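First comes the structure, then the notes that go with it.
The values are calculated or read from the model by the stated rules, or taken from the named source; none is laboratory data. What you are looking at is a predicted structure, and each value in this text was computed from that prediction instead of being measured. As a convention, Cβ positions derive from the backbone with ideal geometry for all residues, glycine included, and neighbour counts pool all protein chains shown. Remember, those area values only see protein heavy atoms, side chains included, never the ligands or the DNA or RNA. Shrake-Rupley method; radii C 1.70, N 1.55, O 1.52, S 1.80 Å.
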Amino acid sequence: MGEIQESKALAKSKPSTEQDVTDELDLRMKKYLRGEGANLEGLKDKKLKGQLAVKEDLYGKSAKAAAKAEKWLMPSEGGYLETEGLEKTWRIKQEAIAREVDISSSGKQYDIILPELGPYTLDFTSSGRYMAVSGRKGHLGIVDMINLSLIREFQVRETVRDVAFLHNELFFVAAQKKYPYIYNREGTELHCLKEHGPVLRLQFLENHFLLASINKFGQLRYQDVTMGSMVGNFRTGLGRTNVMQVNPFNGVVSLGHSGGTVTMWKPTSASPLVKMLCHHGPVSALAFHSNGHLMATAGKDKKIKLWDLRKFEVLQTLPGHATTLDFSQKGLLACGNGSLIRVLRDVSGTQNYSKYMTHSMVKGYQIGKLVFRPYEDVLGIGHSMGWSSILIPGAGEPNFDSWVANPFETSKQRREKEIRSLLDKLPPETIMLDPSKIGTVKPRREKPTKQEREAEIEADVEAAKGKKLKKKTKGRNKPGKRVQKKQEAVARVKRPYLEQKIQEEESISRKKQKTREGVELPKSLQRFVRKKASS
């Protein structure tokens, strides 16, 4: 029987001498250093040289402190299921994993059965501490996942299609029968967002404080939750869809449509940034890797595809159908269909996914949504009879950064984080396919010289003259007509260059005219100015 083992670390065995410790710290320091140090030998200014030397020393000290913290203070390291011999990881059951793990981890494996109120959908906060659950029959609740205690539950007495947390656990939004509603942690209704209409799916963009929704009429809306203003309202024109996901890398919202296409949107553009044909049938599920460059799609053509979004190419095609997909923080891909869950893993690191774990629910349960819990090796399952949780070793990031997401934050820390995130809020214009372009200078396009333009025209004319004409029927293949067709082809090639030249001449004459009009002549010379013809 396979057991949970720790993954390969930077150094498996403990160092035996001080030299080994120093070498290991130097190796770890390279990860935190800001490149090679500045060469200060050529500087003549002693004051500047001293200041830069102090800064370089400070960079080295901070990198060494970070390396020491990583070695001695990191509480745990990630681990995966590993087998021996002919054993397979996907044959290991949840009961076997529960017997091997500690008591606190085994408590994260549970089933909540509420058959009268399902099917259920789930959402976690960015820290993984709190979970929001919503039943289709109107049941809403918030659960503290560390204590496994119910904070609040209430019944809205109408259909609930989706639920999503806003910037923290104090506020969440539920897509109800007619409109989405915002509630606080105590279950008090705060806002009714009537502009969104009957919403099918909700997504919240944390860095931009935007709530994105798609309704049953195929309308995509963006609303700023800080000011309440509607940032974008677009008709997709591709029909009703309930497949919606946000790329965590750049904030672009992706929709999967019934024609097999996936469209990518930003709030400042009325047309999609990208429209790609992914499947030969309706798209049933979408998911994005945390690095933003890998997208998984599932279609009704019984195929699961992995896409490289830098080239928009298919990396891998896997057989199977999935109604829900989700990537974990460590890159595991969960696929759910019917009552079966498959978890895929990229073992080699070359974006080549293979089966890692499987789990079968009770026969008759229909899986609605799969969500990995952040910073935990836990997969949350919303299904037709309630919700469940299973253990997936190696799924979550083992060490959290308290400045990014702190599961144990106090109310004071939460307030400080909320203020800091509001000050760092990004405008909607920063949402784009490649956010690394922000802050860069657009290269100046140099105009071609007169000689280069003439050479380009001559090359195009020669190409047009050398093009072979098709042989036509009798009477249409005369030498005169052939010469005329060649002349027309040459004129067609020259036309854009001539039009560009005319436009340039017109713009130059317009500028000269403006400068003439702008110059005020003295009164003694104004009588000599040419008068405009009276209309």
Legend entry - Residue among VAL314, VAL262, VAL274 that is farther than 30 Å from ASN399 by Cβ, in contact with a Phe, Trp or Tyr (Cβ under 9 Å, 6 or more places away or on another chain) and free of Cβ contacts under 8 Å to residues at least 12 places away in the same chain: VAL314
Inset, instruction - Would you be able to say whether some residue in the stretch 120-130 is touching a helix residue (DSSP H, G or I) at 6+ places or on another chain (Cβ under 9 Å), in contact (Cβ under 8 Å) with a residue 12 or more places away in the chain and open to solvent by less than 80 Å² (accessible area, probe 1.4 Å)? - result: no
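Does ASP434 satisfy the condition of being farther than 28 Å from GLY251 by Cα, of a type in the set (Asp, Glu) and touching a residue at least 24 places away in the same chain (Cβ under 8 Å)? Lay out the reasoning, then the answer.
Values: farther than 28 Å from GLY251 by Cα: no; of a type in the set (Asp, Glu): yes; touching a residue at least 24 places away in the same chain (Cβ under 8 Å): yes.
Considered against the rule, which asks whether it is farther than 28 Å from GLY251 by Cα, of a type in the set (Asp, Glu) and touching a residue at least 24 places away in the same chain (Cβ under 8 Å), ASP434 comes out as no.
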Inset, instruction - Identify, by number, the condition in (1) at pLDDT 95 or above; (2) open to solvent by less than 30 Å² (accessible area, probe 1.4 Å) that GLN245 doesn't meet. - result: (2)
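Any idea which of PHE234, PHE217, PHE209 is open to solvent by less than 40 Å² (accessible area, probe 1.4 Å), out of contact with any helix residue (DSSP H, G or I) (no Cβ under 8 Å at 6 or more places or on another chain) and either more than 23 Å from HIS289 (Cβ to Cβ) or of a type in the set (D, E, K, R) (or both)? It would help to see each step written out before you state the result.
Details: PHE217 fails: open to solvent by less than 40 Å² (accessible area, probe 1.4 Å); PHE209 fails: out of contact with any helix residue (DSSP H, G or I) (no Cβ under 8 Å at 6 or more places or on another chain).
None of the other options fit; the residue is PHE234.
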Legend entry - Some residue of the stretch 379-400 being assigned to a loop (DSSP other than H, G, I, E, B), out of contact with any strand residue (DSSP E or B) (no Cβ under 6 Å at 6 or more places or on another chain) and surrounded by fewer than 16 Cβ atoms within 10 Å (Cβ to Cβ): yes
Inset, instruction - Please identify the pairs in which a residue from the stretch 440-458 that is on the phi < 0 side of the Ramachandran plot has its Cβ atom under 9 Å from the Cβ atom of a residue that is among the acidic types (Asp, Glu) and at pLDDT 75 or above, counting only partners at least 6 apart or on another chain. - result: PRO448/GLU456
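Conditions (1) more than 29 Å from ASP424 (Cα to Cα); (2) surrounded by 20 or more Cβ atoms within 10 Å (Cβ to Cβ); (3) touching a Cys at 6+ places or on another chain (Cβ under 7 Å), marked per residue:
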site: VAL133; (1), (2), (3): yes, yes, no
site: ILE142; (1), (2), (3): no, yes, no
site: ILE151; (1), (2), (3): yes, no, no
site: GLU158; (1), (2), (3): yes, no, no
site: ASP162; (1), (2), (3): no, yes, no
site: PHE171; (1), (2), (3): no, no, no
site: ALA174; (1), (2), (3): no, yes, no
site: LYS177; (1), (2), (3): yes, no, no
Inset, instruction - Within the stretch 268-282, track down each residue that is under 16 Å from ARG201 (Cβ atoms) and open to solvent by less than 10 Å² (accessible area, probe 1.4 Å). - result: none
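Would you check if GLY368 is in a strand (DSSP E or B) and over 21 Å from SER105 (Cα atoms)?
yes
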Inset, instruction - Please work out which residue is farthest from ALA132 (Cα to Cα), limiting yourself to the stretch 201-255 and to residues that are in contact (Cβ under 8 Å) with a residue 40 or more places away in the chain and small (Gly, Ala, Ser). - result: GLY232
Legend entry - Which listed residue, of HIS280, HIS321, is in contact with a Lys or Arg (Cβ under 7 Å, 6 or more places away or on another chain) and not in a strand (DSSP E or B): HIS321
Legend entry - Options LYS447, LYS425, LYS468: the member that is closer than 27 Å to ASN291 by Cβ and either within 30 Å of the chain's Cα centre (by Cα) or open to solvent by 100 Å² or more (accessible area, probe 1.4 Å) (or both): LYS425
Inset, instruction - Please work out which one of (1) under 24 Å from GLY396 (Cβ atoms); (2) hydroxyl-bearing (Ser, Thr, Tyr); (3) in contact with a Ser or Thr (Cβ under 7 Å, 6 or more places away or on another chain) is the condition THR358 fails and give its number. - result: (3)
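Give me the residue from the stretch 183-201 that is part of a strand (DSSP E or B) and within 15 Å of MET230 (Cβ to Cβ) and, out of that set, least open to solvent (accessible area, probe 1.4 Å). Step through it out loud before you land on a result.
First, pick out the residues of the stretch 183-201 that are part of a strand (DSSP E or B): 183-184, 189-192, 199-201.
Going one step further and asking which of them are within 15 Å of MET230 (Cβ to Cβ), we end up with 191-192, 199.
Numbers: HIS191: 103, CYS192: 48, VAL199: 0 Å².
Applying the filter and picking the extreme gives VAL199.
Within the stretch 412-469, can you find the residues that are among the acidic types (Asp, Glu) and closer than 30 Å to VAL225 by Cα? Spell out the reasoning first.
Filtering the stretch 412-469 for residues among the acidic types (Asp, Glu) gives 416, 418, 424, 429, 434, 446, 452, 454, 456, 458, 460, 462.
Hits for the stretch 412-469 are GLU416, GLU418, ASP424, GLU429, ASP434.
Matching residues to (1) closer than 30 Å to GLU454 by Cα; (2) more than 50 Å from the chain's Cα centre (by Cα); (3) modelled with pLDDT of 75 or more:
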site	(1), (2), (3)
LYS472	no, yes, no
GLY475	no, yes, no
VAL483	yes, yes, yes
LYS494	yes, no, yes
GLN500	yes, no, yes
GLU504	yes, no, yes
ILE508	yes, no, yes
GLU517	no, yes, no
PRO522	no, yes, no
